[in-house]
1. Where the centroid of each part is defined by its Cα atoms, how far is the range B:1-37 from the range A:189-258 in Å?
2. Could you compute how fast the protein assembly as shown diffuses translationally, taking Rh as the Kirkwood radius over C-alpha pairs and applying Stokes-Einstein at 25 °C with viscosity 0.890 mPa s? Give it in µm² per second.
3. Enumerate the lysines that B:K76 could reach by cross-link, defined here as Cα to Cα under 29 Å, with residues fewer than 8 away along the same chain left out.
4. Can you list which of the GluC sites (Glu not before Pro) found in the range B:35-78 are DSSP loop residues with at most 16 other C-beta atoms within 10 Å?
5. Kindly provide the trypsin sites (Lys or Arg not before Pro) of the range B:250-289 that DSSP labels as loop, not H, G, I, E or B, and whose Cβ sees at most 11 other Cβ atoms within 10 Å.
6. What does the helix-only formula give at 222 nm for the protein assembly as shown: each DSSP H stretch with n ≥ 4 adding -39500 (n - 2.57), the total divided by the residues, and the result rounded to the nearest 500 deg cm²/dmol?
7. By how many degrees, between 0 and 90 and to the nearest 10, does the Cα long axis of helix A:97-107 differ from the longest principal axis of chain A?
8. Test of the criteria: in the range B:226-273, which chymotrypsin sites (Phe, Trp or Tyr not before Pro) are in a DSSP loop and have at most 15 other Cβ atoms within 10 angstrom of their Cβ?
Amino acid sequence: MKKPVIDAQAVDLTFQTGDGPVHALKDVNLQINKGDFVSFIGPSGCGKTTFLRCIAGLETPTGGKLTVNGISPEEARKSRAYGYVFQAAGLYPWRTIAGNIKLPLEIMEFPKADQEKRVEKVLELVDLKGFGKKYPWQLSGGMQQRASIARALAFDAEILLMDEPFGALDEIVRDKLNEEVLRLWAATNKTIGFVTHSIPEAVYLSTKIVVMSPRPGRITDVIDSPLPKERPLEIRDTPEFIEIAHRVRDGLRAGHDL
Amino acid sequence: MNKIVPVLTVLAVLIVIWYAAAVKMNSTWTFDQAERAGTEVSFSELVTDTMSQTRPLLPAPHQIATELWKTTVEKKITSKRSMIYQGSITLKTTLLGFGFGIVIGIALATVIVLSRVGRLTLMPWAIISQTIPIVALAPIIVVLSNAAGTGTLMVPKAIIAAYLSFYPVLVSMVKGLSSPDQMQLDLLKTYGASQRDVFWKLRLPSSMPYFFASLKVSVAAAFVGAVVAELSTSAIAGLGARMLIGSQFGEPMIMWAALFAAAILAAILIFLVGGFEKLARYMMGGRAV
């Protein structure tokens, strides 16, 4: 049996705050295999973002065992195992789009010529060809978020972690970007962790849907999607899609009643 | 054009008030003279006389303008009476102090932002430094720098100018260097960036708008510092020294002309710094304003 890329066993995380300890994650068990597209869905405070940050080594679990590529998240972060996309594009206003995509490459000290090539490649991948010389304010919100995805892809990490990347965008732009993410995923065969609020988004994108609930943050259901890898937008009207969406909704509701 | 009309209106009103004040204030002397001579003064005589006294209490605007013209355009630049010569000395002090102020301000802000110890130890002292009246401190700085063997007055004067001008830069840079939010810092962390990268690629560029905004305040402070330094270090050159000489020797024209020369020089400096700020913003990808 092949080893999972991300392996969480009984992961616990408690924050010490002024009002006493907050149990952000409790007994989280999850295996993510190479090439999986995993969505984390749940209400605010369910720990989905916190768990993603644990995988990224931005938070450290207080209990349990968590490995990324067989090593600790901290080491994985230092070996540049993943690209991270935040809710806001967070592009530097003083750099052009190409300059922004180069940022991680400069820090990781890629050779100059290679940097140019990679920028061209990822710009094409996110459909922003020809926008390299523009400044962020000259682009729409959706295009800015695509540029930030390009930035996360530029150094070819195996894993892509996305924290509600389209949360601030309108539905039409979001649909289009969802399609693009699927296309990207098919083209690059990366392992993707994706945090979202939206049930259709989670069902449409994922091979595995992790339903979480708050206080304490925990997993209530893990759904392996039977949908094919090839997914046109119309798939959202099929009975299979509706059935999975229904199960996710049930999971969310069950978590709330507790 | 729309900007110019209100400015000119205010200027015109000020000039009218000024002339009225000049007539009123200088009339005492005119009446005294008339009384001694045993003559009566008509209104038109009063106005002409109050506009043309050699040592008026308040010179009329055109008298100051004439004096300025004489001491800038008609005097040789090398002459000690030339306002351009005196202004160039003040300008040199200002620029030296401004330069030191920027360097010190940025350096202190960097230490304060990057280290907790720096934040706890330096910031209170920086604030206290600005509560001490510079006029009281100036002679001490002169004595100390003389004892240190700096030789000329330029060094203590520049120190005084820097003393006032570093503070706006410091406060703005502390704010600017700490302006990146947690998400920006996390992003760099995911790249495994070093503290050095975080500083050069994120903190420093983020602080630039704050820096430019502080420059205008800082250059004005450096200029005030330079003039105050000239006034309070018994300097013999510079616009500040000219003002002092004018007041001590009862030469109001010199005093007022030096004051106006200083105002014009300060305006030019602020204008230039403003232009530099616009250029820098444009170079950093900002929208044209």
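The values are calculated or read from the model by the stated rules, or taken from the named source; none is laboratory data. This is a predicted model, so every value here is computed, not measured. Positions of Cβ are backbone-derived with ideal geometry, glycine not excepted, and every protein chain shown enters the neighbour counts. Accessible surface is based on the protein model in full, side chains and every heavy atom, while ligands, DNA and RNA are left aside. Shrake-Rupley method; radii C 1.70, N 1.55, O 1.52, S 1.80 Å.
1. 81
2. It diffuses with D of about 84 µm²/s by this estimate.
3. Correct list for B:K76: B:K92, B:K157.
4. Working: sites: B:E35, B:E40, B:E45, B:E67, B:E74; in loops: B:E40.
Those satisfying the criteria are B:E40.
5. In loop regions of the range B:250-289 (DSSP not H, G, I, E or B), the sparsely surrounded trypsin sites (Lys or Arg not before Pro) are B:R287.
6. On the way: 19 runs with 312 residues, N = 547.
Result for the protein assembly as shown, helices only: -19000 deg cm²/dmol.
7. 70
8. Passing both the DSSP loop test and the Cβ count: B:F249.
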